[in-house]
1. Take chain A, connect every pair of alpha-carbon atoms lying under 10 Å apart with a spring to form a Gaussian network, then pick out the residue of A:Leu225, A:Leu168, A:Leu70 with the largest mean-square fluctuation.
2. Using 0.36 nm per residue of separation minus the Cα-Cα distance, give me the extension gain between A:Val54 and A:Lys122 in nm, one decimal.
3. Can you spot the aspartates and glutamates whose alpha carbon is less than 12 Å from A:Lys377's alpha carbon? Ignore those fewer than 8 places along the same chain.
4. Which whole-Hz couplings ³J(HN,Hα) result when phi for each residue of the stretch A:115-132 is put into the Karplus expression 6.51 cos²θ - 1.76 cosθ + 1.60, θ = phi - 60°, listed in order with x for Gly and Pro?
5. Within 10 Å of each Cβ of A:54-62, how many other protein chain Cβ atoms are there on average?
6. Are there cysteines in chain A with no second cysteine's Cβ under 4.7 Å away, and if so, which?
7. Averaged across A:143-154, how many Cβ atoms of other chains sit within 10 Å of each residue's Cβ atom?
8. Run through the stretch A:296-338 and list the chymotrypsin sites (Phe, Trp or Tyr not before Pro) located in a DSSP loop whose Cβ has at most 14 other Cβ atoms within 10 Å.
Amino acid sequence: MQRRKFVQKATLASMTALLGTDIVFGNTLPDHYLPLGLQDPDPFKMFNKNKEMVILNDKPWNIEAQAHLLDDKITPNSAMFIRNNGLVPEDLDATTWTLAFDGESVKQSKSYTIQELKSKFKTHTYQLTLECGGNGRSEFNPPANGNQWTIGAVSSAKWTGVRLRDVLEDVGVKPDAVYIGYHAADTHLSQNPNTEPISRGVPMSKAMQDETLLAFQMNGADIPLAHGYPLRLVAGGWPASVSGKWLNRISVRNIVHDGEKMDGDSYRVPCEPVAPGEEVEDEEMCIIESMPVKSLITYPKSGAMLKEGQSLNIRGHAWAGELEVAQMEYSIDFGATWKDCPIEKPVNRLAWQHFSAKIDFPKNGYYEVWARATDAKGVSQPMVLPGWNPKGYLNNACHRIAVKIG
Amino acid sequence: MSEQNKFWKSSRRIYRFLIVVCVLALVSGIVIFYLNYGDTDTDKNAENEYTTFSDDDPDRIEDGIHVRTGLVDAPGLQETVNNCTSCHSAKLVMQNRMGAERWHATIRWMQKTQNLWPLGENEAIIVDYLVTNYPPKSKGRRETLADVDWYELR
């Protein structure tokens, strides 16, 4: 019986699809409307991801890249990590989508359709680096709980949208505003409609930056569903959890936003350094703002074997949160000596920068190529793990690849 | 009449025509389907097909692994599956290597913020299961590169 029912349903469904969508509403149907099989067993197909992406969690979806998948200067969707806190919302319609503004510090509550945002405000495009605050968590000792990200929870795509600042000015913000907090359409894992999976935000100073966007496009197309279709707050250089996906409301607050995952150990680190494993009181934790300086060798993939005398061309990206990367170095002797290599200027503020080098090895054997970036304030990546914190954030230790010669 | 109305009127005509065509197709499809497959329920073939459909025994264990979740089959498995995999993936449980104290703290956090219910006597059983089967590994300040996938680079 099951099978019969299935066939009947399938027949009906395909016919409805033929009738309803292709002919009558073909011109108004949102590109992203899929009768979502979110339980589909093939997430690579479902999210259009490279098969070499690594699934850390399937409920909620958390998928990361490997270093060599991030070789493109502008990260394509296929290599972009997914970090979800809740369940991906279904049946999203960009034509009826609205973004509401409320909170203690708005002069009036106001709401905009995406079309209104597009027509009322100037559109801007920036390449923005988004890195998960917990990227590199897997290396901390004692281990920190949460998704065990290695190195692939970072991306730098082109985002197109309107400036949050322009819209806030149109809404009208009271002088006592200190923070904005986002709200979104994703649902809590417990399915409890009264709990938000995540609702974070930024201080007004970050909200008012030129590059902080209400984005409706990624890499020149509609934002993929898993990355926040149809509207996403994008604030480059800060933990990517600040860049709320499926954005439908922004609260302008007269206090530090107190939404879900703004307190406790979430996206917070000890205000003062602690010993590994130390218990940290709530009031001694501070919210992470700019991400630290970091770099990745994206070519070649770790494990390259070269012939004697063959030189190696490496390349990769470096980024430094709110800052620019000022210097790039590599070492083939575990940091005993470092060589400078050229680092390109960013295409715009908060975009990652590219480096490359040609390396000659003195003799046959096993090598590791370590990369180290230094930011505009002279702060470099550490070779060992940086300060331990309860949730394992901000691991910006040098990336390295293994190479064998001869 | 505006362009849009014209479009609507003509598309309605097409729409009606297509409904008729599709209803006919659906009816004949069902008839053909029943004629061809109506009796297969009693066939031996059908039984095979049904096993693939119902092949989702939630408690199946293969090679010491609970197939549905990937968790190790050991005392406490059932309690862990029942309480720890209905909200999030078991992958999240397996990746996290913690001692008993931190597991208890994590459970408190989930109860406080993530709507986890009181675990009662099961809490000790679950934490025992986790620290026995997924013990923490000491990684030092930086681990050696492991599992390097060697290949020739030309």
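1. Judging by the Gaussian network model, the answer is A:Leu168.
2. 20.7 nm
3. Hits, sequence-local ones excluded: A:Glu322, A:Glu324.
4. Going residue by residue, I get 4, 5, 4, 5, 8, 8, 10, 6, 8, 10, 10, 9, 8, 10, 8, 10, 10, 5 Hz, with x marking Gly and Pro.
5. 4
6. Here A:Cys132, A:Cys341, A:Cys398 come out as lacking a disulfide-compatible partner, given the Cβ-Cβ threshold of under 4.7 Å.
7. Per residue, the number of nearby Cβ atoms from other chains is 3 on average.
8. A:Phe334
Just so you know, all these numbers are worked out from the coordinates, no wet-lab data involved. On a predicted model such as this, the values are computed, not experimentally measured, just so you know. So basically every Cβ, Gly included, is an ideal-geometry build from the backbone, and we count neighbours across all protein chains shown.
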